[in-house]
1. Applying the selection to segment 179-206, what residues are open to solvent by 10 Å² or more (accessible area, probe 1.4 Å) and more than 15 Å from ligand 2 (Cβ to nearest atom)?
2. Out of segment 467-486, which residues are open to solvent by less than 10 Å² (accessible area, probe 1.4 Å) and either in contact with a His (Cβ under 8 Å, 6 or more places away or on another chain) or of a type outside the set (F, W, Y) (or both)?
3. Considering segment 98-134 alone, what residues qualify as being part of a helix (DSSP H, G or I) and of a type in the set (G, A, S)?
4. Out of (1) more than 16 Å from ligand 2 (Cβ to nearest atom); (2) of a type in the set (D, E, K, R); (3) surrounded by fewer than 24 Cβ atoms within 10 Å (Cβ to Cβ); (4) more than 24 Å from L83 (Cα to Cα), the odd one out for D224 is which?
5. Going by the conditions given, is A521 without any contact (Cβ under 8 Å) to a residue 60 or more places away in the chain, over 37 Å from the mean Cα position of the chain (by Cα) and open to solvent by less than 70 Å² (accessible area, probe 1.4 Å)?
6. Kindly indicate which of A694, A674 is closer than 25 Å to K570 by Cβ and surrounded by 21 or more Cβ atoms within 10 Å (Cβ to Cβ).
7. Inside segment 245-260, can you point out the residues that are open to solvent by 20 Å² or more (accessible area, probe 1.4 Å) and either closer than 19 Å to A182 by Cβ or among the charged types (D, E, K, R) (or both)?
8. Tally up the residues in segment 710-736 that are open to solvent by 40 Å² or more (accessible area, probe 1.4 Å) and assigned to a loop (DSSP other than H, G, I, E, B), please.
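The values are calculated or read from the model by the stated rules, or taken from the named source; none is laboratory data. The structure displayed is predicted, hence computed values, not measured ones. No Cβ is skipped: glycine too gets one built from the backbone with ideal geometry, and neighbour counts run over all protein chains shown. Only protein heavy atoms, including side chains, enter the accessible area calculation; ligands, DNA and RNA are left aside. Shrake-Rupley method; radii C 1.70, N 1.55, O 1.52, S 1.80 Å.
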Amino acid sequence: MAVKEILESLDWGPAPESDKFAREWLDQHGPSFGMYINGQWVTPESGDNFESFNPATGELLGTISQAGDSEVNSAVAAARAALPGWSSSPGHVRARYLYAIARQVQKHHRLLAVIETLDNGKPIRETRDADVPLVARHFYHHAGWAQLFDETFPGYGPVGVCGQVIPWNFPLLMLAWKIAPALAAGNTVVLKPAEFTSISALVFAEICNSVGLPPGVVNIVTGDGKTGALITEHDDIDKVAFTGSTEVGRIIRKATAGSGKALTLELGGKSPFIVFEDADIDSAIEGLVNAIWFNQGQVCCAGSRLLVQESIAERFHEKLRSRMAKLRIGNPMNKAIDMGAIVDESQRKTIEDLCKLGCDEGGEMWQPSTELPDKGCFFPPTLFTNVSPSSTIVQEEVFGPVLVSLTFRNHKEAISLANNTRYGLAGSVWSQDIDTALEVARSIRAGAIWVNCTNQFDANAGFGGYRESGFGREGGREGMHAYMRPLSNGTKTEKMESRGEQKSATKSSSSNATESVDRTAKMYIGGKQKRPDGGYTMDVTGPSGTVGQVGRGNRKDIRDAVEAASGATKWATTNAHTRSQILYYIAENLEQRSAEFAARISAMTGSTTAQAESEVADAVSEWFRWAAWADKYDGAVHETTMHGLVLALNEPLGVVGVTCPDERPLFGFTRLVAPLLAMGNSVIAVPSESNPLAATDLYQVLETSDLPAGVLNIVTGIHSEFVPALAAHDGVDSMWVGVGDVDEVQIASVSNMKRVWKVNMDASGDEYLRQSTHVKNIWLPHGINHATKHRPMGSANSARPSTNVSRGPSTNGCRRS
Ligand code: NAD
Ligand code: MN
């Protein structure tokens, strides 16, 4: 072709990456690959294995070992044996190892990038510029946390042996997100990569070996879901960390419920990408290309739900279609390719089936006429319009290059559409107006919000979800906490026991009650005293007989309480000063009635007057304590590799159910309820079953203290009759178990994956605050010289000044200009 013709067509010639060194590595170590256990390469006794392919070509890359019982047992045993040595080694020593691993990742970054592309099918441009640099950055960053461990996290130690199971979409990066914080905090690990993409984890094992990491600290076992289950269900594992589908997450949540294992889950998403009429449209289009076609859309936080303002929708769709038509799809080893292969035929089929369903449900599907390679596993970029918010294709995660588009009229509608999902992983907001951008960013219920950018990641900014996207964070300080436990917290076998006196409320509805019916303490729901729905009451007895009666709550009372709490979420955005004032006011009003409360407590529990008075005084002081914290539990501005601000906000969890301990019932109630209120949560409190009256008497205090209706609801009765319903309710975001069977609560709450905290009454204030909140990171890039206007195509994210290669994935856009 003459130069002139080339200039006219502006066609890209192929720019193939060499696979020479990767081939050499595969030849040396394959074609059958072992596993890395206790510092040794082993193959399974059973001889079981499975094949791994390059999805872009169908070529067989080798056979991977399928670990069974015996290999998983020996990996866990090796991790257990290595734990004392590793966890007691000085932070500096652990830091040196993590640093050495980071260096090795950098030194071998091309090998890792090519192996990853061959095994997964994602473009070499992405593995080279995003995956592998982010892996190195993650190990460097966590070398720092290991170094600073003792001075930053006094009173904390590692959780123990961690079982880690990861997906195939970012094989090495997910491995880094799991292993780096675990090792930094002194844990040892057994990690299983996904069956489609095991090989880069084996290269990583070799790196661990080459830096002399002590045997057993990192164990890599390979296999499919059966092997995964052997790990997550293993008795001698202290913590399970899982990234993958919500479906498998639910299985693991169920399997670990009641085991005492710590758990973090990073699951799926259906993240909104919101474009306002005042957005820089060209940048938004490029951002969208990155959001949904990066890694063929096989990204948990993919911007797969476009919400575009009605006034610009038509123009935006038009531009989008013409941009889609220019995306280059082909061999991912070609450096000039935008979209590579789907990881496996089974995944391609899932995508195809969902698209078919989308059409059957009346959606309009559009795909460019771009030719796909004639072999390999490819799927074209796809746009769905004419869909409704309830369409399957709008609600379900496709995990492929498929975008759905809905329109909205105003920002209120945008927010409600954005939050119309069971997921809450990420969101992207495009507007040149700072008020709109920030208001919407704060209103989306998700863990990461990108303003005028998308798919930004950094080791120092926690990543993770709300609601069915899971719980726990990876990265930064909050990610470290997922691998630590307070040293005073006891062991996993310790069960929370009711330390109160061994007496229970009489369960009969009373004919011989000593108090008249209208003196029965009622429940407190939606700011009003409520009789129990079932119409039953029960006696509360003390050492010298019946002290009073309370309502015997049932499921309906729980439903009413959840409804009231859900309607009171304005509390979350009430300013912190006001929240603290209200809590102080509760303290004052309680103090005024000290004598009355002390008398109640003595009558119920048999404590002496002095003991009861000191309990009330402690409760007053506890209200003061959390009132003080209300405006002091600050978020952070993270230092990341992006030019701009990353604001980490501590947000309330939402509606929280709490069971309160029997011992020192008023104090116990306060210690659990007050921090949650201080942080902006709405609460459904279940007072001690045997000593509920101190809590029910509080309604008088609450009524005179300006606490908005529904923010605190109190349901009394026999816990076993309604606590499971509370735990199971989809409107409840989290459970704090201060008394009773934490296992039962965990099992009951499997369906919507609540975060459940087994309360440690003696935990530090910091622990209470952390358990009352989750972190949202809002990414705000800025820079006058790099204004978002008139950027060349393909630079929505990459026009930022960069001093570091690991800034985050660049876009799929062309780099012609
Ligand atoms: P998957 O859940 O099928 O598999 C994930 C891993 O779990 C694999 O290693 C698999 O072998 C293992 N596994 C399967 N069944 C198991 C069982 N019963 N017990 C234990 N382990 C088991 O998910 P996938 O198809 O590999 O990955 C796609 C999903 O991962 C998507 O839904 C995506 O949203 C999610 N994802 C989430 C994040 C995040 O950070 N939130 C990141 C990447 C992917
Ligand atoms: Mn593969």
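1. Matches in segment 179-206: E206 only.
2. Answer for segment 467-486, where residues must be open to solvent by less than 10 Å² (accessible area, probe 1.4 Å) and either in contact with a His (Cβ under 8 Å, 6 or more places away or on another chain) or of a type outside the set (F, W, Y) (or both): S469, G470, G475, G476, G479, M480.
3. Within segment 98-134, A100, A102, A113, A130 meet the criteria.
4. (1)
5. No: the conditions fail for A521.
6. A674
7. Across segment 245-260, the qualifying residues are E247, R250, K254, S259, G260.
8. So the answer is 3.
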